[in-house]
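Novice: If you scroll down you'll find the structure; I have some questions about it.
Here, each number is a calculation from the coordinates, and none is a lab measurement. Every value quoted in this text rests on a predicted model; they were computed, and no experiment measured them. Reconstructed Cβ throughout: ideal geometry from the backbone, glycine too, with neighbour counts over all protein chains shown.
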Amino acid sequence: MSDSEPTPSRDGGPRKSRPGRRMPPPEDEVTLMELIVTLSRGRGLIVLSVVGIGLLGVLYSVATPSRYTAESKVIREAGEGGGGPSLPSGIGGIAGGLGIDIGGGGGVGLSPASYPEIATSREVRLAVARDTFYFPSLGRRTTFVDYVNRPPGTLDQILSYTVYLPWTVKGALGSLIGSGQGKRSAGTDSTGTLIYPTEEEEEAISALGEMVSASVSESGALEGGSGLMTVSASSGNPKLSARLNERFIDHLRTRIRELQTEKTRRNLRFVEKRFEEVKQELDAAEDRLVQFLERNKGVLAAGSKPQLESRRERLRREVGFKEQLYSQMQKQVTQTRLQLQKEQPVVTVAEKPAPPTEPSAPNRTLNVVLSLFLGGLFGVGATFFRSAIQSQEDDEEAQEQIQEVQKAWNPSGIVEGVREELGIENDPEDSLTQR
């Protein structure tokens, strides 16, 4: 009786296996002990992978410069108003005839949700880029544009061709592609207003876009829907980060004021222009009346010329009308200026930016832990892969498959595969040479 046959029971039937007794595993099933043995045999490879990739993580953490983030809390308060003072119907008709829509004044109704976009807009970033800061790495004050476009130092060049090599290659390819377009200078219109920034300023704008962020706090809403906004600025120096944060808030105030009061300022310019025209018309009417009275002083005193008296009355009525219009326009200018002051939005700093005491990035501890973890995964995977290759060394079919794969991916095999896809027959002499 073989060992594989079941032992008969007392009644002659096959004996049932006892519960709790394990059957031997199939040949193709990998047991836990085999996995442990495989890992034990590859312990050296695992340790080398952990140490090697861990050292790379340490070098990356040491080579990456520290970043300091300065934060501030800003309260947005809308200015008074909504609608400016109404203009007289005559002035509205004149404005319509000139193609100017002066409406009723008022702002554009900016909401707190739009403040982060305004804080990080191109206009605000360009204004900050033109400001002057003190850069400890340079030891002097200069504009942010000049700092970004400064010649690279020795350490920067080393990092560019080691740690940041992919980005260096990308920038070189971008410069090579765009070299034929020529260098762009700042464009201005007939009034001298800047249309678009220079290439150096574009570089500074892009750099500031990665250094500054703004967000509105949903849970910190104040009365009237104003809300709290957090402005964050990061750089390699804590004092520079705080200074950048301050300048962004200052230019944010200016930009919001321009947007909020744009329509009222346009109305004010029109009213002031019309006021100057009315003043000139009043002066001209008064001059005509004075000249008429001087030329006809004796005749009017005698009272014998009704036509001259009628002419004098018309000139006096014209002067009176111009005086009344002048008084209304003067009042309108004053009211529009007051309305412009009421509509000035207020950006209050609830928490001023302060130089941070600790760097916000990089997280060196996390980088080292992740590199060790990745090293362990790589070592385990390489161990199992090597074990699988070694287990196939005695299998002739597996050896033939490995040789076929190696032959397919050598240069001649790749060329042969391309020819097959294109339907080109291989040259017999080349085939003999390859053999």
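Novice: Would you mind checking region 254-291 for residues with the amide N under 17 Å from a putative spin-label position 7 Å along Cα→C-beta of Lys305?
Specialist: It comes to 288-291, nothing else.
Novice: Starting from one equal scatterer on each C-alpha and no solvent at all, send me the Debye-based log10 I(q)/I(0) for region 320-385 at q = 0.19, 0.24, 0.27 Å⁻¹, two decimals.
Specialist: Per q value, in the given order, log10 I(q)/I(0) is -0.90, -1.02, -1.09.
Novice: If r is the Cβ-Cβ distance from Arg266 to Ser215 and R0 is 25 Å, what FRET efficiency results, to the nearest 0.05?
Specialist: On the way: r = 32 Å, r/R0 = 1.27.
So the FRET efficiency works out to roughly 0.20.
Novice: Starting from 0.36 nm per residue, how many nanometres of slack lie between Thr254 and Thr334 once their C-alpha separation is accounted for?
Specialist: Net length gain for the segment: 26.5 nm.
Novice: If you don't mind, another one. If R0 is 56 Å, what FRET efficiency do you get for Lys239 and Glu396 from their C-beta distance, rounded to 0.05?
Specialist: Result of the calculation: an efficiency of 0.20.
Novice: Between Ala361 and Arg130, what is the spin-label point distance in nm, taking each point 7 Å from the Cα along the Cα→C-beta axis?
Specialist: Simple spin-label model gives 2.9 nm for this pair.
Novice: Relative to the present Cα-Cα distance, how much length would full extension add between Glu420 and Arg312 at 0.36 nm per residue of separation? Intermediate results must be reported in sequence, preceding the final value.
Specialist: Working: separation 108, 0.36 × 108 = 38.88 nm, distance 10.86 nm.
Fully extending the segment from Glu420 to Arg312 adds 28.0 nm.
Novice: What FRET efficiency do you get for Lys342 and Arg122 if R0 is 41 Å and r is their Cβ-Cβ distance, rounded to the nearest 0.05?
Specialist: Plugging the Cβ-Cβ distance into 1/(1 + (r/R0)^6) gives 0.90.
Novice: Expected output is a single nm value to one decimal: the length gained when fully extending between Leu173 and Leu39, i.e. 0.36 nm times separation in residues minus the C-alpha distance. What is it?
Specialist: 43.8 nm
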